[in-house]
Amino acid sequence: MSRIIMGVESSCDETGIGLVRLHDDGTVELLADEVASSVEQHARFGGVVPEVASRAHLEAMVPTTRRAFTTAGLEMSDVDAIAVTAGPGLAGALLVGVSAAKAYAAALGVPLYGVNHLAGHIAVDTLQHGPLPSPCLALLVSGGHTQLLRVDDIAGKITEIGSTVDDAAGEAYDKVARLLGLPYPGGPPIDKAAKAGDPQAIAFPRGMTGPRDAKFDFSFSGLKTAVARWVEGAQARGEEIPVADVAASFQEAVADVLTAKAVRAATESGIGTLVISGGVAANSRLSSLAAQRCAEAGIELRVPRPRLCTDNGAMIAALGAHVVAAGCAPSSLDLSANPALPV
Ligand code: KG4
Ligand code: ZN
């Protein structure tokens, strides 16, 4: 008998409720994916304001839950288990989701599973491309995270093999967009501006690619500083900033480093599948360069559609389904949020 799993996400600025059906053969089917975003309330600050995010989650939680059940044509009493993001993320924001999920689980008398947001970003791929091969490699690139993860079991065994030592890739996009006078979040406008620019126009640095740097770690703060210096220099000379060329050259540097390290990690570990997820996975140059380099290296590339890559509840429901299918023990009702939850 198939089971209905509900996912609750509130780690950053998206309130997400997802509903999936876990079939007896272990496949997971997406039924609803409702997201309420507070991104517009943060735009004028150039980044997420934690207090604003928490309040927005409180306001959006119940209406978003209602919408998800309407979309799926289900009643809350149809739910067999609830998964919620327990971390990592913003403490206050996480607490809203964890509290709501506990209340739902207690009221419905169903098991509650506290799960990891980063694992959710990987698990979401199974909604589009089916079961993950084991092992596979995941490149997780968002506003808060930039990590290379080896996935032996999505419900249990995930190992970090590299991460950013400073800014996340999406954070670098957001900061560079600000320097160029483009709106927040910076990824989409830079991606768009870059289409009219020359990616070779400016040779921006490729962080952490020296012989003595950790092989699979990333650094983007030097790149951001290099863009700032370049823009300041042009301004000091009274030149107009060639926004398209700066955007394209910056984007090329980010895509180059991310794909080179991911492909190298997969090749050296003998892993045949790379999943790229998180908000930055929507970047057009990252996906085209990854496709080219994976093809050259004989690696299967899986990139979920953009809607699944950004934060949502379906990713948490999908992960919950895999955790339920694996027979993992549920969390107790004193589950608490852990802003620094390791993968
Ligand atoms: O996964 P996500 O929605 O939220 C976090 O968990 O952070 O990722 C948001 C990040 C933002 O930094 C945004 O600028 C970036 O993803 N982003 C992009 C693109 N679309 C969104 N970065 C580069 N190119 C894009 N097309
Ligand atoms: Zn995320």
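Give the range 119-133 a look and list any residue that's in contact with an Asp or Glu (Cβ under 9 Å, 6 or more places away or on another chain) and either farther than 29 Å from residue 254 by Cβ or among the aliphatic types (A, V, I, L, M) (or both), or say none.
Pass one, the range 119-133, residues in contact with an Asp or Glu (Cβ under 9 Å, 6 or more places away or on another chain): 120-121, 127, 132-133.
Within the range 119-133, 127, 132 meet the criteria.
Return the residues of the range 56-68 that are out of contact with any Ser or Thr (no Cβ under 8 Å at 6 or more places or on another chain) and without any contact (Cβ under 8 Å) to a residue 60 or more places away in the chain; say none if nothing qualifies.
Here is the first cut: in the range 56-68, the residues out of contact with any Ser or Thr (no Cβ under 8 Å at 6 or more places or on another chain) are 58-59, 62-63, 65-68.
Answer for the range 56-68, where residues must be out of contact with any Ser or Thr (no Cβ under 8 Å at 6 or more places or on another chain) and without any contact (Cβ under 8 Å) to a residue 60 or more places away in the chain: 58, 59, 62, 63, 65, 66, 67.
Okay, residues lined up against (1) buried (at least 21 other Cβ atoms within 10 Å of the Cβ); (2) at pLDDT 95 or above:
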site	(1), (2)
201	no, yes
204	yes, yes
223	yes, yes
227	yes, yes
230	no, yes
252	yes, yes
256	no, yes
260	no, yes
279	yes, no
Apart from one, (1) on the phi < 0 side of the Ramachandran plot; (2) more than 16 Å from ligand 1 (Cβ to nearest atom); (3) touching a residue at least 40 places away in the same chain (Cβ under 8 Å) all hold for residue 130; the odd one out is (1)
Residue check: is residue 120 surrounded by 16 or more Cβ atoms within 10 Å (Cβ to Cβ) and closer than 23 Å to residue 325 by Cα?
yes
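Quick one: which helices (runs of 4 or more DSSP H) lie wholly within the range 1-111 and hold at least 1 residues that are surrounded by fewer than 22 Cβ atoms within 10 Å (Cβ to Cβ) and of a type in the set (Asp, Glu)? Walk me through it before giving the result.
Details: elements: 39-43, 50-72, 91-108.
Of the helices (runs of 4 or more DSSP H) lying wholly inside the range 1-111, those with at least 1 residues that are surrounded by fewer than 22 Cβ atoms within 10 Å (Cβ to Cβ) and of a type in the set (Asp, Glu) span 39-43, 50-72.
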Taking the range 306-334 on its own, how many of its residues are touching a helix residue (DSSP H, G or I) at 6+ places or on another chain (Cβ under 6 Å), surrounded by fewer than 20 Cβ atoms within 10 Å (Cβ to Cβ) and within 26 Å of residue 79 (Cβ to Cβ)?
1
If a residue must be touching a residue at least 40 places away in the same chain (Cβ under 8 Å), under 15 Å from residue 251 (Cβ atoms) and of a type outside the set (A, V, I, L, M, F, W, C), how many such residues does the range 168-186 contain?
6
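A quick yes/no check of all residues on (1) among the aromatic types (Phe, Trp, Tyr); (2) within 20 Å of the chain's Cα centre (by Cα); (3) within 16 Å of ligand 2 (Cβ to nearest atom):
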{"site": "71", "(1), (2), (3)": "no, no, no"}
{"site": "76", "(1), (2), (3)": "no, no, no"}
{"site": "88", "(1), (2), (3)": "no, yes, yes"}
{"site": "93", "(1), (2), (3)": "no, yes, yes"}
{"site": "104", "(1), (2), (3)": "yes, no, no"}
{"site": "110", "(1), (2), (3)": "no, no, no"}
{"site": "123", "(1), (2), (3)": "no, yes, yes"}
{"site": "127", "(1), (2), (3)": "no, yes, yes"}
Could you tell me which residue of the range 148-164 is farthest from ligand 1 (Cβ to nearest atom), considering only residues that are surrounded by 18 or more Cβ atoms within 10 Å (Cβ to Cβ) and over 14 Å from residue 266 (Cβ atoms)?
155
Tally of residues being in a helix (DSSP H, G or I) and hydrophobic (A, V, I, L, M, F, W, C) across the range 272-311:
12
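The values are calculated or read from the model by the stated rules, or taken from the named source; none is laboratory data. The structure displayed is predicted, hence computed values, not measured ones. Methodologically, a virtual Cβ is constructed for each residue, glycine included, from the backbone with ideal geometry; neighbour enumeration extends over all protein chains shown.
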